[in-house]
Amino acid sequence: MSELVTSQPAIGPAVRRVWKQQGVWLASVLILAILAILDFTQAVESARFVAAALLQTAPYLLLSIGIAAWAGATGADNLIAKAFTGSPVLMIGLGALAGGLSPFCSCGVIPLIAALLAMGVPLSAVMAFWLASPIMDPSMFILTMGVLNLEFAFAKTVAAIGLGVFGGTIVHLLAKSGALAHPLRDGIGNGGCGGAKVRGPKPVVWQFWNDPARRATFGKTAWSTTLFLAKWLTLAFVIESLMLAWIPAETVTSVLGGQGVGPIAVATLVGVPAYLNGYAALPLVGGLIDQGMAPGAGLAFLVAGGVTSIPAAMAVWALARPPVFALYISLSLSGAFAAGLLFQLWHLL
């Protein structure tokens, strides 16, 4: 009995570890299993829908994986350091470009932010990078083009860079008045490995295949990226299949359709709690647009959700002081709303 009691505490951590590693796959399987019990026909249709959607997206998926693996193997993310030199206005523009266009790994963004601020880089330039980074990168551009369309991919890129410039400019104006002098929480270090990219940037090795270690990095990154994208896209396509089957088109059209400001405002707010991650959100928005969602509302959802999703917001909260966090959220929501509104006006021209 005592052996049983002493062994029980290990069950909890083991379950949490399995769920952390395989939770997304398990969620997809669980949804289909429950669906098979309640509505077998719909379960079969959903499985077919997922398979067809993954097959259709496969070329873009493979290209996206290749870009991510190439960035990791060559060290292209080291180029980010060059964005934070020069005048404040130049740094804001380059920071927004770096965040919106560079193939920088998502796991390194928060440590990098800590390093930049600890090294004295102006908060305006850091905020420009911070706001643009979660929205777009080359891999995301390819998948957005494949899942939605090229116009949406360009609009999302412009929105990412525009939000970065907008946020950086606002912070710059506030900083000139003496506000936001100490953005980091007490005890935040110098950014760890993410900060090393800025403190001592290494040269990019474009011909990475000549280096065994870099070839290994390419393979490891490609495999991890494949698993990450496959699990999230599978879950997203499962949810999209149910959305198309169960949510009447007229409901979506009445709430998120039309040409007014209301649908864009609703999509901006809904994007905060409903957003899973950038890759999973694409099929969901595609399904909603097929149901009648306005294009501007779709872009507002993607931008707002990308910057203010719960995991991203928690990371910012842990790093920055409350006034900086509040400013981050405010800039994100207002910028996402403006991006959606401009995109909707573009469609009316």
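Before moving on, here are some points about what is shown:
- Residues located in region 293-307, provided they are surrounded by 24 or more Cβ atoms within 10 Å (Cβ to Cβ) and in a helix (DSSP H, G or I): 296, 297, 298, 299, 300, 301, 302, 303, 304, 305, 306, 307
Quick grid of which residues meet (1) modelled with pLDDT of 80 or more; (2) over 21 Å from residue 130 (Cβ atoms); (3) charged (D, E, K, R):
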{"residue": "251", "(1), (2), (3)": "no, yes, no"}
{"residue": "264", "(1), (2), (3)": "yes, yes, no"}
{"residue": "295", "(1), (2), (3)": "yes, yes, no"}
{"residue": "307", "(1), (2), (3)": "no, no, no"}
{"residue": "322", "(1), (2), (3)": "yes, no, no"}
{"residue": "330", "(1), (2), (3)": "yes, no, no"}
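Here's the yes/no breakdown for (1) part of a loop (DSSP other than H, G, I, E, B); (2) of a type in the set (Asp, Glu); (3) out of contact with any helix residue (DSSP H, G or I) (no Cβ under 8 Å at 6 or more places or on another chain); (4) modelled with pLDDT under 85:
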residue: 156; (1), (2), (3), (4): no, no, no, no
residue: 162; (1), (2), (3), (4): no, no, no, no
residue: 166; (1), (2), (3), (4): no, no, no, no
residue: 173; (1), (2), (3), (4): no, no, yes, no
residue: 205; (1), (2), (3), (4): yes, no, no, yes
residue: 214; (1), (2), (3), (4): no, no, no, no
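- For region 121-159, residues that are of a type in the set (S, T, N, Q) and either closer than 30 Å to residue 179 by Cβ or surrounded by fewer than 23 Cβ atoms within 10 Å (Cβ to Cβ) (or both) total 4.
- Lone unmet requirement of (1) more than 29 Å from residue 164 (Cα to Cα); (2) modelled with pLDDT under 80; (3) of a type outside the set (D, E, K, R) for residue 44: (2)
- Of the listed requirements (1) at pLDDT 75 or above; (2) among the hydrophobic types (A, V, I, L, M, F, W, C); (3) more than 15 Å from residue 320 (Cβ to Cβ); (4) surrounded by 11 or more Cβ atoms within 10 Å (Cβ to Cβ), residue 198 misses just one: (1).
- The single condition among (1) touching a Leu at 6+ places or on another chain (Cβ under 8 Å); (2) hydrophobic (A, V, I, L, M, F, W, C); (3) modelled with pLDDT of 80 or more; (4) surrounded by fewer than 18 Cβ atoms within 10 Å (Cβ to Cβ) that residue 52 does not meet is (1).
- Taken as a whole, the structure places residue 272 among residues that are over 23 Å from residue 150 (Cβ atoms) and either modelled with pLDDT under 75 or surrounded by 23 or more Cβ atoms within 10 Å (Cβ to Cβ) (or both).
- Residue 315 being in contact with a helix residue (DSSP H, G or I) (Cβ under 9 Å, 6 or more places away or on another chain), part of a helix (DSSP H, G or I), surrounded by fewer than 18 Cβ atoms within 10 Å (Cβ to Cβ) and at pLDDT below 70: yes
- Of all residues making up region 1-37, the number that are loosely packed, with under 10 Cβ neighbours inside 10 Å, at pLDDT below 90 and either among the polar types (S, T, N, Q) or within 25 Å of residue 233 (Cβ to Cβ) (or both): 5
- Looking only at region 108-154, and only at residues there that are of a type outside the set (A, V, I, L, M, F, W, C) and in a loop (DSSP other than H, G, I, E, B), the one that is modelled with the highest pLDDT: 149
- Check on residue 232, modelled with pLDDT of 75 or more, over 22 Å from the mean Cα position of the chain (by Cα) and aromatic (Phe, Trp, Tyr): no
- Of all residue pairs spaced 6 or more apart or on separate chains, those with beta-carbon atoms under 9 Å, a first member in region 322-333 that is under 12 Å from residue 167 (Cα atoms) and a second member that is polar (S, T, N, Q) are 328/308; 329/308; 332/308; 333/268; 333/308.
The values are calculated or read from the model by the stated rules, or taken from the named source; none is laboratory data. For clarity, every value in this text was computed on a predicted model and none was experimentally measured. All Cβ positions, glycine included, derive from the backbone under ideal geometry; neighbour counts span all protein chains shown.
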